[in-house]
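Below is one structure, written out as structure tokens; the observations come after it.
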Amino acid sequence: MIRGRSCLVSLIKNRCKTQVFNHARVFCTKEEKKEETNFDEEKVKREKQHEFFTKRALILRGSFETIEDKNKGSYLEMIDIFINKDVHRRNHVEFIYAALKNMKDFGVIRDLEVYKKLIDVMPKGKFIPTNLFQVEFQHYPKQQQCIIDLLDQMEDNGVIPDYEMEDQLINIFGRRGHPVRKFWRMMYWMPKFKNLSPWIVPNPPPNDEYELAKLAVERMCSVDLQSKISTFYTSDVESSIDDTWIVSGQSPIQQELLAKHNREKGLYIQGPFKIWLRYKCINYYLLRSDSPENFVEFNDQIEIDDVSDIDVPIFSLGQVKPKSNKLAIMRSVHEQKDGTVYAICCIGQHTKDTLLSWLRLLEKNGNPCLENLIVLFKLATPDNTTEIVVQSKDPVKT
Amino acid sequence: MLTRSLRHIIKSRCFHTTPVNTTFWVKSKKQGYEGPRKLLTTKMILDGLKDLKEEIKIWKEEMQEKLESDPILVYRPNEIDVYCRFTSPEVIDNWIVTSDSDHNEGHSKCTFKTSAAGYGLWSGVVTSLLPQDGRIKKAGYCSIRSQRHTKSFRRNTYFDWSAYNTLVLRVRGDGRPYMINIGSEGTFDITWNDIYHFVLYTRGGPHWQITKIPFSKFMLASNGVVQDKQYPIPLNKITSFGLSVSGRGGFDGPFSLEIDYIGLEFDPSNSEEFAYEMYKQEKYIVAT
């Protein structure tokens, strides 16, 4: 623990130094006069911070938490500071664990370069076993476990390593090291599943909601190859209040079905439902109706095992009539037992007004029958049950 | 305690590539998750006697079937035989629903019930949030599983799926990938947790999808750790079937999967025996 503390203290010191240096550099270019006073203020502030840290509980939190602008640059800078601190690189295991814990906040959790840089912290050659017993009894277990945990984190986040990492690991742990074995396993299994999904989503998925919506609607509409995905803007509707985009997907079959829809029966706009594209999630809405009452689930497979009642055509000539449920128009994929789906959309603003605009725009674009149909809004408010509330009944034991 | 919980977590999550080196004798199949014994021995005997009537009935049917029916020798190709259809609530109630919050090892929650459309709806929230007591390193899973296949008098037995080569599922998902777990429990403790895995990708959206997965694609994992020495799935020794979902790697959030049926099919066009390489690997590296 004490070693961990000293490590972190020195880390903080180093961090301070570089920050001060950076500040100084910035100020040098701007105003040279103010430099000294500012420098002193900074120094006092940092010393206070330092004191604050050393006075806190036995387990200190790493200096990663204290950084204000958390990005890849500052993260790599932290690693550089640690590497260049001294030749011994004491407590590198603790440092790597602290760094792994803070990856998410810095937005580098899916960045291979950062993982490689972290592995680079380990000294090369020192942990290579030289005899059979060292191999068998996990030479330098803490260090090996640390890198295994790092690789685990990569695996959890779907980061596939590359062969440069293999060289790094072999240089650190030798060809018999457990991290190297894990690397080989990862390199065998992970690429097998990398592009296995039949619905391809770019990796990483787009951050822009509009792009994501287009991908989502395209994916959902892939069930019918004739589907047309179009982008509407609510500004095209005169009475609309919102000004946003609508990504709508509909196929000619769905248009036909909508034209045939019984006018006395209502239509629904239902939603929001959720669809996941990798680790991104987006809401969508449906235009649908209940299935018609005469919806019969017909079975196109004749039970040929059933020998109890065989029709012999020669004895019942002219009497055999086709069974009513054996003869039906082939249903499209959109007509399901629980209802018919007429259109799918993703919208920029989750309001009733936007959905109404969608309806108007659908009417303009190939569904004139919508004018005469009753449409109900079945909108669910965001479900509170889906949120996890962590009750902190038992406080953290220290 | 720690190893127990870790093992459980590894077991429940997606396959991991770190091997487990537990070669020690394991006492119970539940591996520490038995819970306190609630019933008295006398009560258990009485309950057992009550069940006897039902069990004898089942045994009678079994014997009758054995004597009367001829074995099926030819399975018609490309015909889906349904193993489990979730249109009745009784079937759904027979399945085991678990998540990491059951043993206070996480905050995920899930339910498995009949949906509005009348199918089995497995939904809930998965989250990788950890409990604050520091016992658990990683969390975030939900899963459903069928019970161990048994015959009369609660004797363990196996499903024989050797006539089929493809698994068929009719589902309606939410775009998440799910994991299919086919249990093939053996006699000895090292094979108790042998489960064959594969991914079930879902399209998402309001339409149903039918997914066909050849059994040759399934890979062996024990306690959730994918094995170096792979074997094709022994289709005559299937004990349970399950699905699981993970909340790790940014997948925290709600999920829902509607299942119509799980079926089996013999597809003559698929002649693959095993999808993964079976060559001999380096000594002392593999399975260590």
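For B:K50 and B:K30, compute 0.36 nm times the residue count separating them, minus their Cα-Cα distance, and round to one decimal in nm.
So the extension gain works out to 4.6 nm.
Given a 1.4 Å probe and no ligands, DNA or RNA in the count, how much accessible surface is buried by B and A, both sides, to the nearest 100 Å²? Don't skip to the answer; put the middle values down first.
Numbers: alone 17380 and 26530 Å², together 39360 Å².
The contact between A and B buries close to 4500 Å².
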TODO: Mind putting a number on the dipole of the range A:223-285 about its Cα centre? Charges go on the C-beta only, +1 for Lys and Arg and -1 for Asp and Glu, and I need it in Debye to the nearest 20.
DONE: 400 debye
Open item on the list: Which entries of A:K214/B:K109; B:K29/B:K237; A:K337/B:K217; B:K27/B:K237; B:K30/B:K137 have Cα-Cα distances beyond 26 Å here?
Closed with: A:K214/B:K109; A:K337/B:K217
Open item on the list: As an exercise, use a Förster radius of 35 Å and the Cβ-Cβ distance of B:T41 and B:T157 to find the FRET efficiency, rounded to the nearest 0.05.
Closed with: 0.85
Open item on the list: Residue by residue through A:263-274, how many Cβ atoms from other chains fall within 10 Å of the Cβ on average?
Closed with: 1
- [ ] In square nanometres and to one decimal, what's the mean projected area of the convex hull around the Cα atoms of the range A:223-295?
- [x] 7.1 nm²
Task: Descending principal axes extents, the range A:62-194, alpha-carbon based, whole Å - done: 48, 40, 20
Open item on the list: Modelling each spin label as a point 7 Å along the Cα-to-Cβ direction, I'd like the A:I160/B:Q147 distance in nm, to one decimal.
Closed with: 4.3 nm
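At 1.4 Å probe size, put B:W59, A:W199 in order of accessible surface, largest to smallest. Could the numbers behind the result be given before it?
Values: B:W59 110, A:W199 50 Å².
Descending accessible area places them as B:W59, A:W199.
How big, in percent, is the set of alpha carbon pairs in the range B:6-265 lying more than 31 Å apart?
Cα-Cα pairs in the range B:6-265 separated by more than 31 Å: 30 percent.
Hey, with R₀ at 22 Å, roughly what FRET efficiency would A:Y233 and A:K352 work out to, going by the Cβ-Cβ distance, to 0.05? Don't skip to the answer; put the middle values down first.
On the way: r = 18 Å, r/R0 = 0.80.
Here the calculated transfer efficiency is 0.80.
Which whole-number value in Å² is the accessible area per residue of chain B, probe 1.4 Å?
Numbers: 15130 Å² over 288 residues.
Each residue of chain B exposes 53 Å² on average to a 1.4 Å probe.
With all protein chains present and a 1.4 Å probe, how do B:V126, B:V82, B:V74 order by accessible area, largest first?
On the way: B:V126 0, B:V82 65, B:V74 115 Å².
Sorted descending by solvent-accessible area, the residues read B:V74, B:V82, B:V126.
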Task: Percent carbon-and-sulfur accessible area, the range B:138-216, ignoring ligands, DNA and RNA, probe 1.4 Å - done: 52 percent
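Output the peptides B:214-222, A:81-89 sorted from most to least packed, where packing is the average of other Cβ atoms within 10 Å over each peptide's residues. Don't jump to the answer; show the numbers that get you there.
Values: B:214-222: 21.0, A:81-89: 13.4.
Listed from highest to lowest mean packing, they are B:214-222, A:81-89.
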Open item on the list: Would any residue of the range A:104-148 have its amide N under 19 Å from a label point 7 Å out along Cα→Cβ of A:K72? List them or say none.
Closed with: A:104-121
TODO: Can you tell me the FRET efficiency between A:K124 and A:Q145 if r is taken as the Cβ-Cβ distance and R0 is 22 Å, rounded to the nearest 0.05?
DONE: 0.75
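Could you pull out the pairs from A:K70/A:K182; A:K265/A:K352; B:K57/B:K113 whose alpha carbons sit more than 25 Å apart here? Could the numbers behind the result be given before it?
Details: A:K70/A:K182 30 Å; A:K265/A:K352 21 Å; B:K57/B:K113 29 Å.
Too far apart for the 25 Å limit: A:K70/A:K182; B:K57/B:K113.
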Open item on the list: At 7 Å along Cα-to-Cβ for each site, give me the label-to-label distance between A:N203 and A:E41 in nm.
Closed with: 4.9 nm
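By average Cβ neighbour count within 10 Å, what is the ranking of A:180-189, B:270-279 from highest down? Display every interim value, and only then the final one.
Working: A:180-189: 20.2, B:270-279: 11.5.
Ranked by mean Cβ neighbours within 10 Å, highest first: A:180-189, B:270-279.
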Task: Residue-averaged beta-carbon neighbours from other chains (10 angstrom radius) around A:276-283 - done: 5
- [ ] Using a 1.4 Å probe and counting only protein heavy atoms, arrange A:V135, A:V44 so the residue with the most accessible area comes first.
- [x] A:V44, A:V135
Task: Residue-averaged beta-carbon neighbours from other chains (10 angstrom radius) around B:92-100 - done: 0
- [ ] Mind grabbing the accessible area of A:D105 for me, 1.4 Å probe, Å², rounded to tens?
- [x] 90 Å²
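The values are calculated or read from the model by the stated rules, or taken from the named source; none is laboratory data. As the structure is a computational prediction, the values presented were derived from the model and not from experiment. Cβ coordinates were reconstructed from backbone atoms using ideal geometry, including for glycine residues, and neighbour counts include every protein chain displayed. Only protein heavy atoms, including side chains, enter the accessible area calculation; ligands, DNA and RNA are left aside. Shrake-Rupley method; radii C 1.70, N 1.55, O 1.52, S 1.80 Å.
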